[in-house]
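Worksheet: one structure, shown below.
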Amino acid sequence: MRRTPRDWAGRALADVLGRAAATRTETGDRFPLYADPGTGRWTTTGRGAWTGGFWAGLLWLRARHTGDAADRKAAAACTARLADWVEADTATRGLILWYGTALATGDPGARALRTRAAGAALAALDPELGLVPWGSAFGGPRLLARVDGVPGMVALLAAGGPEGERAAASHLHRHLDLCLGAGGRTAPAWEFDPRAGWRAYEEPPAGWSRGSAWLLLAVADARHRPGVARAAPGRLEAAAERLADGWTRPCTPLVPPADEARPAGPLDTSAAAIAAVALLKLAAVPGCRAAPAYAYRAASILERLVGEHLTRGMLLDGCYDAGKGIAVRHELVWGDFFLALGLAALTGLADVRVI
């Protein structure tokens, strides 16, 4: 009998969410960041850093999967601990506060937190730059545009009504101007100098695999939000096709190296999981001509991750920072989250159009 995606995806999803329960027991009120591939022990943070929303989102997926009141209570408590990030000066509030609340259907605390966060993000938009700056919360230059400050932020801003939708479009298109612009400008980060304007920033490097995955995810998010998409529909469609092409060409590996300049270096399964979810989102856009190809490629990526990189619910071979040699073959909490979200989409547990 031929296996369907629901067969292997359902079993893998149960494994990942079972691992989440064990992680919750191990980490308590702290937030998991990355786990050693040998021992499975987590390195944790007290406030969640930029990844805290993925841990909350994973707990919400578990609660949705089990239907258990205790799991739902744990997810709600984790989301509540993200509240300190509402006023933090960082564009990663999109990652933290969108993904930490988007799956919390029917939870009034999460809904209120998302509303507050959307208002704070809108207030942080710099009208001169046309975006929410990267910010100072994690050190380094404040006036940066980075691709990982776009996914989540588009959806979070758009949750703020018509003004928020306009801000989301501005934020996205400014990043597309810089990070996917003409003339080979594809650096994932740009710094603004008040005297000289925008210039490419050295970190992360141009070949960073998560860079294109994050930007693809942000464009896919925008295409499911009419108030954002109508600002420049043709441009969004073209950007989606260009970015998706980098993940769907036959010669492209299903799981890319963390840095394309180091093809023999570590892989990054988390980049693959992000891209798979983005492709599933694009495949669900009404009228998308490439929908079958995107859906097929997304399922192929997820099946490869499950078949070759998932061990006891741990998505291994994620790379936190190849350049600094930090957690280069590890389980990453956001890798687990996006793998679980992709599997949840294949099995019907979640609708990626609204998450």
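The numbers here are math on the coordinates, done by the rules we state, and not lab data. Just so you know, these numbers come straight off a predicted model, no measurement behind them. Here the Cβ is made from the backbone with ideal geometry for all residues, glycine too, and neighbour counts use every protein chain on show.
Structure values in brief
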| read-out | value |
| --- | --- |
| Label point distance in nm, ALA80-ASP245, each placed 7 Å from Cα along Cα→Cβ | 5.0 nm |
| Computed E for ASP29/ALA293 - FRET, C-beta separation, R0 35 angstrom, nearest 0.05 | 0.20 |
| Packing-based ranking, highest mean first, of 41-52, 277-288 given that Cβ atoms within 10 Å are counted | 277-288, 41-52 |
| Phi to ³J(HN,Hα) by Karplus 6.51 cos²θ - 1.76 cosθ + 1.60 over the stretch 10-17, Hz, x for Gly, Pro | x, 5, 5, 4, 4, 5, 5, 6 |
| Distance between modelled label sites at ARG235 and ILE326, nm, 7 Å Cα→Cβ extension | 3.3 nm |
| Under the Debye formula (equal points on every Cα, no solvent term), log10 I(q)/I(0) of the stretch 5-347 at q = 0.09, 0.12, 0.13, 0.15 Å⁻¹ | -0.43, -0.80, -0.96, -1.34 |
| Contour minus Cα-Cα distance for ARG353 and ARG312 (0.36 nm per residue) | 11.9 nm |
| Pairwise label distance in nanometres, ASP126 with ARG142, each label 7 Å out on the Cα-Cβ vector | 0.9 nm |
| Nonlocal amide H pairs with THR45, under 5 Å, H built at 1.01 Å | PHE31, LEU33 |
